[in-house]
Structure formats: structure tokens, C-alpha cells
Amino acid sequence: MELTFYIAGAVAVLATVGMLTRLNLVHALLYLVVSLLGVAVVFFVLGAPFVAALEAIVYAGAIMVLFLFVVMMLNVGRLAAETEKQWLTPGIWTGPLILASILMIEVVYLARGGSAGLGAGELGPKEVGIALFGPYMIGVELASMLLLGGLVGAYHLGSRKAEKPEIQHDADTHERWADTSGDLVLAGTDRSARTP
Amino acid sequence: MSLEVMLNAAGLAFVVAGSRWHQADGQVVFLFILAMAASEVAVGLALVLQIYRRFKTLDVDALSAMRG
């Protein structure tokens, strides 16, 4: 059990070093995914299976896909196909593949041998959930507000309509609303100009 | 991406400490770090997209002028 911990830690460190020394963004992303998976295996060996699953799902799944999506999106152009072909030459993915297969062997070994915590025993999702919604309730609320703020901010920054001028409606639209038969009146427009 | 690695290292330290003293607090703090990293990545990547759309480059040295 200790040996798996050290192997997974070594894989994570090697993959992180590989990520930091790559010059191409996609190659670095490959190594980063392997690094995160290695950290997930370390969590599992340490007796934190819930956090290990979250690390694999959220980090290695969602966040890395977000990175990849943006990288691919910024490369839209006539050279994109050739550059993508260039990214995936066999020499590139052998390094991450070897590290990932080491992790895979470890996971199979752990799944066959059962899970025992390396430190002071295993802490399952139940204890984490009790602590999360007990004394850390306000932290959960703050995290939810942070996520909402991140969502709104990302939407605002990512939308193309941010460059258009804003449409403002008139302040005193009571009469004008009535005689445009319910249509909203744009500020600064004349009613006679709109109606034929 | 380096920021992700650093946040991950901090989370790993929390989980290891929580495992050492058999407390769930370490994992709880790791969950908070996870949420923060997710929102930060979303906003950061949106900023990168906006920069690319306006300046047609990702070179940070090109962004050397302010409007004000």
C-alpha cells in the first residue's frame, strides 16, 4: 500500500515537471491531466475516496476539457488541421501514456485489493458530508455565491454582445407606450418616426 | 495552468493533513479549493477569449496601453 502511494506520487511529480517544460500548450495539457490523475490516486491511497473521485471528475474531466476547448477555439483558422495533426505525432503522447498506464495498473491493483487508508484510516463521503453541512455551512454558501459570480462574470466576458451599445428604454413611457400599442419605446426615438 | 498546479498542491497538503489527524476538515477545505479553482478558470478563460477577440493575439506584451 505504501509502494502504490510512492509510485503515484512520483508519477504526479514527473507529469508536473513534464507539463512545466513543454512548450506546446496541448502537450502540457496532456501532462497536466496525467498529473491530476496521479494526485487522485494519491488521495485514494490516503483514504479519501470522495475527494479522489471529485478530483478525477471535476479537475481532470471538466476543467481540463474547458482548457482544451479554449485552446482549440483560439486555433480556428486555415492552419488548424495541420497544427492539430502536428500535435498528435506518436512521440508526443508516449510519455503521458506510459505514466497513465502506470496509474491504471495501480488502480486495478487497488480495486482488487480493497481500499485501506494509509494515514489514520479511511474518511468516506459520509464524514465529509456531515462536516460540510455542519460547521462549514457558511463556507458552502460562500462557495455557491462565488460559483454564481464566476458564472455571471464568465458569461458577461464571453458574450459577443458586450461591444454593442446598450438599449435603454424611456423613463416616462406611459403615454408613448399607449400609442405604440404596447411596444416598448426606445430612448431617443421619435414616435412619429416609427409609425407610418 | 501553473495556477491549477499550485492550487492542487495546496489541496493535497490539506488532504494529507486531514488524513494524518483523521479529520474531515481537510477534505472540506479541498472542496472549497475545487470550487474556487473552477470559477477562477471560467473567468480567466473568458478573459483570454476576450483578449484574443480584441487584439488577435495572446501575447501579453501587446497589452501595454490603457484607455484612461
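Return the residues of the range A:5-25 that are crowded, with 20+ Cβ neighbours inside 10 Å and either among the small types (Gly, Ala, Ser) or in contact with a Phe, Trp or Tyr (Cβ under 9 Å, 6 or more places away or on another chain) (or both); say none if nothing qualifies. It would help to see each step written out before you state the result.
Going residue by residue through the range A:5-25, those that are crowded, with 20+ Cβ neighbours inside 10 Å are A:8, A:11-12, A:15-16, A:19.
Listed by number, the residues that qualify are A:ALA8, A:ALA12, A:ALA15, A:THR16, A:MET19.
Each residue in the range A:31-60 was checked for being at the interface with chain B (Cβ under 9 Å from one of its Cβ atoms) and in contact with a Ser or Thr (Cβ under 8 Å, 6 or more places away or on another chain), and 5 pass. Looking only at the range B:2-23, decide whether some residue is within 7 Å of chain A (Cβ to nearest Cβ), touching a helix residue (DSSP H, G or I) at 6+ places or on another chain (Cβ under 7 Å), at pLDDT below 80 and in a loop (DSSP other than H, G, I, E, B). Scanning the range B:2-23, I find no residue that is within 7 Å of chain A (Cβ to nearest Cβ), touching a helix residue (DSSP H, G or I) at 6+ places or on another chain (Cβ under 7 Å), at pLDDT below 80 and in a loop (DSSP other than H, G, I, E, B), so the answer is no.
The values are calculated or read from the model by the stated rules, or taken from the named source; none is laboratory data. Keep in mind it's a predicted model, so treat the numbers as computed, not measured. Backbone-built Cβ (ideal geometry, glycine too); neighbour counts: all protein chains shown.
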